[in-house]
Amino acid sequence: MKRIVTLSLMAITCLMMQAQEQNIRVLASSTGVFVPRPEITTDKKTKKTSAVWHSTNNDWIKDNCEAKNVTVVKDYQQLFPEVANMSLDDQPYMPMSWRLTAEGGETVMHCYFRMPADEVTHLWLTSEETCLVDFETGTQYRIRRTEPDTFRKHFSVKAKKGDVIDLKIFFPPLPESTKDVIVFGIPNWYLVGNKVSLIQQDKGGWTGHGFAYDSKPEFHQPRLLKAHLSEDKPYDKQNWNTWKVLTDAHLIKPVLDGTMAVWLTPEATYLAIACEQNWTREYWGFGWGNDKADVLLDDAGRQYKLREVQGVPQNEIFFMEGNAGDYIAYLKVFDPIPLDVKTFTYVVPESEPFNAWGANWKGSVLHNLSIDMLRANQHLFDYHPRVVVE
């Protein structure tokens, strides 16, 4: 009988937790800025670790406390799947993640903090400066309280190293019509005058920026014409006679060389780049799966790594055969970018030198590329068969 009662109580508890989660609407979410991990010290007797947080600039405030009854988040990697495959405890940087939600008739900013040690001191969350401002109307939604109570205080936290704690800031409810807010007064999460676009709910499902996710682009896949240009030998970067020859690239209408488009899907980010075919046989090279691969960076410093370039050899220079005057496109596949990201920087690292006419291994950096503008370019990359008049 006791076992049945216990199981019944567990079931009721699970149902209550599910009901609470269902009543939470996510308005915005971000993995956040990656910041340097503080120096860790270990007590020789207890083996407990401690750290002094380094990003507090409010030394004139003398109030201190220990945060009590801190919520420990068990599903952090489900909330932020982009970090699921990252070894967060081994790298020198840690994410300052956050979620803005509507729950219980209030607006709640959840500030997540992954414990770099068993105790962290000199943390700072918020004060009377903290508010949300409706970008369209200018209406200010001021802070009501925090959980745990750390308002206008430096504080310490004790928890297991590696635990993710949830520090909550409560505001008045936002109107359903609110599209963008500016967040003030949460410096350690780098929310000090930052504009945040809210997720809108409509008949088409959850959207951000007024856009839903894109469908995966379907590009014409090139085919292998020759395994080696002229010498049947293993691939040698310095011997172009061993390079593969491909043909039947994805053809598009003429656009400026270097024109780009982007598709955002839950699984990946697809970046298309337009190239002029200046010669009947022209060489190209793309690398991924190493530290020389292309990378996208958002304003928070998060990296989105190159997974592949569809239809071409990995980490090899190759020839693409076609007509001089063709306009072709290559489709690069990166880690998925969240819908709330508005711009990114595109970094192409410098590659290793190789022997070829006009060889260019220089890198490049393109700053502040607008995702909305690149999404608007998608139609430029529709397949356009070659038309020849003789």
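What to note about this one:
- Length-normalised contact order of region 268-385 in % [C-alpha pairs under 8 Å, at least 6 apart]: 30
- Only aspartates and glutamates eight or more places from Lys45 in sequence, or on another chain, were considered; those with a Cα closer than 17 Å are Asp118, Glu119.
- For region 73-204, the number of Lys pairs separated by eight or more positions or lying on different chains, with C-alpha atoms closer than 25 Å, is 12.
- Listed peptides 231-241, 31-41, 123-133 by packing density, highest first (mean Cβ within 10 Å): 123-133, 31-41, 231-241
- Degrees between helix 2-22 axis and first principal axis of the chain (Cα, 0 to 90, nearest 10): 60
- Mean separation of Cα pairs under 8 Å and 6 or more residues apart, divided by the residue count, gives the chain a relative contact order of 14 percent.
- Report note on the peptides 175-181, 50-56: ranked by the mean count of other C-beta atoms within 10 Å, highest first, their order is 50-56, 175-181.
- Counted charge near Thr139, where neighbours are those whose Cβ lies closer than 13 Å (Asp, Glu -1; Lys, Arg +1): -1
- Cα shape, region 90-245, gyration tensor, a/c 1.5 rule: oblate
- Per atom type, the chain shows carbon and sulfur on 52% of its accessible surface, probed at 1.4 Å.
- With 0.36 nm allotted per residue and the present C-alpha distance subtracted, the Ser364-Ser230 stretch has 45.0 nm of extension available.
- Net charge in the neighbourhood of Leu369 (other residues with Cβ under 12 Å of its Cβ; Lys, Arg +1, Asp, Glu -1) is -1.
- Anchor Lys292: aspartates and glutamates whose Cα lies under 20 Å away (excluding residues fewer than 8 positions away in-chain): Asp236, Glu308, Glu316, Asp335, Glu350, Glu352
- Along principal axes, Cα extents of the chain, largest first, whole Å: 80, 59, 55
- Annotation for region 302-341 versus region 217-232: alpha-carbon center distance of 15 Å.
- Probe 1.4 Å, accessible area per residue of region 40-193, Å²: 51
The values are calculated or read from the model by the stated rules, or taken from the named source; none is laboratory data. Please read all numbers here as calculations on a predicted model, not as lab measurements. Neighbour counts run over all protein chains shown; Cβ positions are idealised from the backbone, glycine included. The accessibility values were calculated without ligands, DNA or RNA, using every heavy atom of the protein model including side chains. Shrake-Rupley method; radii C 1.70, N 1.55, O 1.52, S 1.80 Å.
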